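Undergrad: Sharing a structure, written as structure tokens. Questions coming.
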Amino acid sequence: MKINVFNRKDVDAIIARIDKLTPEIHPKWGKMNVAKMLSHCNVTYELVYENIHPKPNPFKVFILKLVIKPSIVSDKPYKNSLPTAPEFIIHDDKDFEVEKKRLVAYIEKTFDLGEGFFDGKKSHSFGKLSKNEWNAMFAKHLDHHLKQFGV
């Protein structure tokens, strides 16, 4: 992954892209407005830092690791308008500024904890991941949705 969420320069570049978003901006593809997209991106971090999402049962984890994990942690970009996992679908209206601040705070927390914290850390859905897999998962998802909104 060309973006490294554990590198200060890359984190600053990600945040600069987020700062270019406005509540009025429209997506190039997909159905989410920008506030819902920010909330959707926050789910990735909620799964790491918050205990608010139910853990999948062992069978589901096995299937997710086998089928979904390879595409999530690879360097290959996501295609536009892929199906969204139910946990990531945002139904309610969201406050743009609140979601933006939450996302930046999560990105900073991830950077501050560093790659050593994440190397070998168990994920919510995929079991243990390497620091490179964590980076790919975080960076690729953010990059995909920032491109969705043209930043």
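Undergrad: Given Cα pairs under 8 Å that are at least 6 residues apart, what percent is the relative contact order of the stretch 8-148?
TA: Once divided by the residue count of the stretch 8-148, the mean separation gives 37 percent.
Undergrad: Still on this structure, I have one more. Using the 10 angstrom Cβ neighbour count as an exposure proxy, how do His26, His91, His145, His124 rank, fewest first?
TA: On the way: His26 9, His91 6, His145 22, His124 17.
By the 10 Å Cβ count, ascending, the order reads His91, His26, His124, His145.
Undergrad: Sorted from fewest to most neighbouring beta carbons within 10 Å, what does the list Lys94, Lys101, Lys79, Lys131 look like? Don't jump to the answer; show the numbers that get you there.
TA: Working: Lys94 21, Lys101 13, Lys79 9, Lys131 18.
Ranking Lys94, Lys101, Lys79, Lys131 by Cβ neighbours within 10 Å, fewest first, gives Lys79, Lys101, Lys131, Lys94.
Undergrad: Given springs between every Cα pair under 10 Å in a Gaussian network model of the chain, which of Pro27, Pro83, Pro70 has the largest fluctuation?
TA: Evaluated over the chain, the most mobile residue of the options is Pro83.
Undergrad: Also, quick follow-up: If the chain between His144 and Asp92 were fully stretched, how many nm would it gain, using 0.36 nm times the residue separation less the Cα-Cα distance? Numbers along the way, then the final one.
TA: Working: separation 52, 0.36 × 52 = 18.72 nm, distance 2.17 nm.
So the chain would gain 16.5 nm between His144 and Asp92.
Undergrad: Taking H as built 1.01 Å from N, whose amide H comes closer than 5 Å to the amide H of Ser123, not counting residues under 5 places away?
TA: Amide H neighbours of Ser123, under 5 Å, 5+ apart: Lys128, Leu129.
Undergrad: Just tell me which lysines come within less than 21 Å, Cα to Cα, of Lys101; anything on the same chain fewer than 8 places away is out.
TA: Lys9, Lys20, Lys36, Lys109, Lys140, Lys147
Undergrad: Take the chain, connect every pair of alpha-carbon atoms lying under 10 Å apart with a spring to form a Gaussian network, then pick out the residue of Asp112, Asp12, Asp93 with the largest mean-square fluctuation.
TA: Asp93
Undergrad: Size of the stretch 8-148 along its principal axes in angstrom, Cα-based, largest extent first?
TA: Each principal axis gives a Cα extent; for the stretch 8-148 these are 41, 31, 29 Å.
Undergrad: Build a GNM of the chain with springs between Cα atoms under 10 Å: which of Asn33, Asn42, Asn135 gets the top mean-square fluctuation?
TA: Taking springs between Cα atoms under 10 Å, the residue moving most is Asn33.
Undergrad: Give the order of Ile14, Ile72, Ile52 when sorted by the count of other beta carbons within 10 angstrom, beginning with the fewest.
TA: Ile52, Ile72, Ile14
Undergrad: I would also like to ask the following. Modelled label-to-label distance, Lys101 and Ile52, 7 Å Cα→beta-carbon offset: nm?
TA: Going by the 7 Å Cα→Cβ label model, 1.4 nm.
Undergrad: Where does the chain land at 222 nm, in deg cm²/dmol rounded to the nearest 500, when only DSSP H runs of n ≥ 4 count, each adding -39500 (n - 2.57), divided by all residues?
TA: -17000 deg cm²/dmol, from helical runs alone.
We did not get these values from a lab; they are worked out from the coordinates using the rules stated. Keep in mind it's a predicted model, so treat the numbers as computed, not measured. All Cβ positions, glycine included, derive from the backbone under ideal geometry; neighbour counts span all protein chains shown.
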